[in-house]
1. I need the full set of residues from segment 86-97 which are open to solvent by less than 40 Å² (accessible area, probe 1.4 Å) and touching a Ser or Thr at 6+ places or on another chain (Cβ under 9 Å), in order please.
2. Taking helices (runs of 4 or more DSSP H) that do not extend beyond segment 90-209, which have at least 2 residues that are among the acidic types (D, E)?
3. In contact (Cβ under 8 Å) with a residue 60 or more places away in the chain and within 19 Å of S18 (Cα to Cα), is that true of I124?
4. E8 fails exactly one of the following numbered conditions: (1) open to solvent by 30 Å² or more (accessible area, probe 1.4 Å); (2) touching an Asp or Glu at 6+ places or on another chain (Cβ under 6 Å). What is the number of that condition?
5. Across segment 30-89, what is the total count of residues that are part of a strand (DSSP E or B), within 12 Å of the ligand (Cβ to nearest atom), farther than 26 Å from I175 by Cα and without any contact (Cβ under 8 Å) to a residue 40 or more places away in the chain?
6. Within segment 132-179, count every residue that is open to solvent by 70 Å² or more (accessible area, probe 1.4 Å), closer than 26 Å to K115 by Cβ and at pLDDT 90 or above.
7. Among I100, I124, which is touching a Ser or Thr at 6+ places or on another chain (Cβ under 9 Å) and either within 11 Å of the ligand (Cβ to nearest atom) or at pLDDT 95 or above (or both)?
Amino acid sequence: MNKSSRREGILFILSAPSGAGKSSLCRELIDSLPDLRQSISFATRKKRGGEKDGVDYHFIKPEAFQKKIEQQQLAEWAEVHGNLYGTSLQTLKNAAEQGIDLLLDIDCQGAVQLKKNYQQGVFIFILPPDYAELEKRLRARGTDDEDVIRRRLENSKQEISQALWYDYLVVNDDIVLARDRMLAIIAAERCRSHRTAYLLDKFTVKGDK
Ligand code: 5GP
């Protein structure tokens with residue numbers, strides 16, 4: 001297959017306030033679409049129980065992360081809740097070249113950085129139904145103390161205030177409905193004519209201009 005006979009990989013960038021259910025939604029999408037891959041970020045935070053290095057994140061030390069910044073190996077990076085997170089530039093390059101669609105679960109600061117260099121990316125903001133539900137979900141996790149919950153709720157206001165520059169807003173009121181909305185977006189974006197123009201190649205009659 002030559003380069004012009006297939007499309008470049010698409011970046012689907014998802015952001016959401018903590019508690020909106022973004023991680024579960026990403027898992028649903030990866031399980032539903034075998035031709036969608038999740039980008040695995042670098043992170044300096046400690047591994048949580050059940051997490052695997054190289055699967056959930058590439059867990060690295062702050063010094064190693066700093067080196068990646070200096071060597072310009074990151075497409076974007078940000079400090080989130082006191083830890084550093086970043087996306088590998090090489091992963092994005094490889095996916096684009098090989099026509100692989102990537103799902104990126106990153107915060108708003110990182111999404112803003114990617115928006116500058118990857119205008120063709122699809123930026124999607126996941127919303128909870130309302131603040132009351134967001135608070136309920138954060139409490140239901142049972143993992144964070146009151147201070148952390150308050151801080152995350154406060155941060156969510158700032159994050160939601162950025163939602164309008166994203167291409168899509170998806171409400172996660174119900175995981176199945178939210179997944180179906182996401183699948184519809186992904187299917188539509190894959191059919192955009194600027195991405196699928198190569199399909200016309202086989203219809204070109206010799207001698208046609
Ligand atoms: P957690 O530590 O709970 O897995 O993730 C915390 C936050 O970091 C989430 O909002 C997640 O989207 C964000 N995050 C994960 N990976 C990246 C990344 O590579 N870049 C940026 N900017 N944020 C990330």
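The values are calculated or read from the model by the stated rules, or taken from the named source; none is laboratory data. The model shown is predicted, which means the values in this text are computed figures rather than measured ones. Backbone-built Cβ (ideal geometry, glycine too); neighbour counts: all protein chains shown. Side chains included, ligands, DNA and RNA excluded: accessible areas come from the protein's heavy atoms. Shrake-Rupley method; radii C 1.70, N 1.55, O 1.52, S 1.80 Å.
1. Going through segment 86-97, the residues open to solvent by less than 40 Å² (accessible area, probe 1.4 Å) turn out to be 86-88, 92, 95-96.
Within segment 86-97, G86, T87, S88, L92, A95 meet the criteria.
2. Passing ranges, in order: 131-140, 146-160, 175-190.
3. Spelling it out, I124 is indeed in contact (Cβ under 8 Å) with a residue 60 or more places away in the chain and within 19 Å of S18 (Cα to Cα).
4. It fails just one condition, (2).
5. 7
6. 8
7. The match here is I124.
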